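First up is the structure itself, then whatever we jot down about it.
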Amino acid sequence: MRVAGKIVVVTGGGGGIGKALAEAFHREGAKHVVVADRDAGAAEAVAKAIGGTAHAGDVGDENTIKTIIDETEKNIGPIDLFCSNAGVGGFRTGDDSAGSPPNESWALGWSVNVMAHVYAARHLVPLMKTRGGGTFMNTVSAAGLLSQVGNPVYAVTKHAAVGFAEYLALTHKDDGIRVSILCPQGVDTAMLRASGGGPQNLDGVLTPEQCAQAAIDGLAAETFCILPHPVVGDYMKKKTDNYDRWIGGMAKMRRALVAGKN
């Protein structure tokens, strides 16, 4: 889809990739951009700069998503593109065993990285069906296609987000609804800087603006899996060609990272 003349919602739009997406959609001629973020001030600043509308709230709460959709549809118009971009990733612990994160971390990761996408679809798909279609773009991360060494909550919830997007796409394709997932590796955001780096940086760190441009291009081509770092596609092929070898390679990477920290 081309965003010119379209009404767009971007969650997590107060900074990072979300801010760059909102600004890019504005430059591309979107009719209106709704900027949602749990940081009300950040959402207001971005919305003001692009002549959009701000919403504050936690996307892990279904009422937040419902309110964004209801108020946009009522006061602005039908949503053409919903970008479920907000995410959380700061789940590293001193112990990197698979089950080490506390239940609270799993619950937070699940609510924001997975259920926010479910809530958007729950409340928007019926509306899109009545008018013949629409588009969802969910920011997932390459971690959802590959993995994230040292961060089981992030890796697992992002895989679940890919699974939900696949199901959304295949179930509602005949309703005219298109779905894309945006899956970058390292992007220069507060989340990446807080993580202290890692294997996601090995193929180069993009600016949020570069990531947003990849999203614009992928949406125009109606690509399901948008890869700002194209090399991720090569890694995916290696993973599916020989799963056992891929797991061995990832274990080797983990050993090297652990050794480097000691």
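Using Cα-only point scatterers and the Debye equation, what is log10 of I(q)/I(0) for the range 47-141 at each q in 0.13, 0.21 Å⁻¹, rounded to two decimals? Scattering profile of the range 47-141, log10 relative to I(0): -0.53, -1.08. Ordering VAL34, ILE7, VAL118 by the projection of their Cα atoms onto the charge dipole of the range 7-233, which places +1 on the Cβ of Lys and Arg and -1 on the Cβ of Asp and Glu, puts ILE7 at the extreme positive end.
Look at the alpha carbon pairs under 8 Å that are at least 6 residues apart: their mean separation over the length of the chain gives a relative contact order of 17 percent. Considering only ILE247, PHE82, GLY186, the residue lying farthest towards the positive end of the dipole of the chain is ILE247, judged by Cα position with unit charges set on Cβ.
Three semi-axes describe the equivalent ellipsoid of the range 36-103; taken as square roots of 5 times the Cα gyration tensor eigenvalues and ordered largest first, they are 31, 15, 10 Å. In terms of distances greater than 32 angstrom between alpha carbons, the cross-link table entries LYS19/LYS252; LYS173/LYS252; LYS48/LYS237; LYS31/LYS66 yield LYS19/LYS252; LYS173/LYS252; LYS48/LYS237.
For a protection proxy built on the mean count of beta-carbon atoms within 10 angstrom, sort 248-254, 224-230 highest first, please.
Values: 248-254: 13.0, 224-230: 18.4.
Order by mean packing, descending: 224-230, 248-254.
On the principal axes of its alpha-carbon atoms, the range 107-262 has extents of 57, 32, 30 Å, going from largest to smallest.
Partners of LYS238 within straight-line reach, counting aspartates and glutamates whose Cα lies under 20 Å from its Cα and excluding those fewer than 8 residues away in the same chain: ASP203.
Skipping prolines and chain starts, which residues have an amide H placed within reach, meaning under 5 Å, of the one on MET137, given they are 5 or more residues away or on another chain? Close amide H contacts, sequence-distant or interchain: PHE82, CYS83, SER84, SER180.
Over the range 7-233, the ratio between the Cα radius of gyration and 2.2 N^0.38 Å evaluates to 0.95.
Using unit Cβ charges (K, R positive; D, E negative) and no other charged atoms, how large, in debye to the nearest 20, is the dipole of the range 7-233 about its Cα centre?
Result for the range 7-233 is approximately 240 debye, rounded to the nearest 20.
For the chain, the membrane-span-like helices by this rule, meaning whole DSSP H stretches whose C-alpha atoms cover at least 24 Å of axis and whose Kyte-Doolittle mean is 0.0 or above, are 152-172; this says nothing about an actual membrane. The trypsin sites (Lys or Arg not before Pro) found in the range 23-106 that occupy coil by DSSP, while having at most 15 further C-beta atoms within 10 Å, are LYS31.
Charges at C-beta only: +1 for Lys and Arg, -1 for Asp and Glu. How large is the resulting dipole of the range 57-153 about its Cα centre, in Debye rounded to 20? Intermediate results must be reported in sequence, preceding the final value.
Details: 6 positive and 10 negative charges, 73 e Å.
My answer is approximately 360 debye.
Taking a Cβ cut-off of under 12 Å around GLY57, the surrounding Lys, Arg, Asp and Glu residues balance to a net charge of -4, with basic ones at +1 and acidic ones at -1.
Values in this text are rule-based calculations from the coordinates and carry no lab data. These numbers come from a predicted model, not from an experiment. Methodologically, a virtual Cβ is constructed for each residue, glycine included, from the backbone with ideal geometry; neighbour enumeration extends over all protein chains shown.
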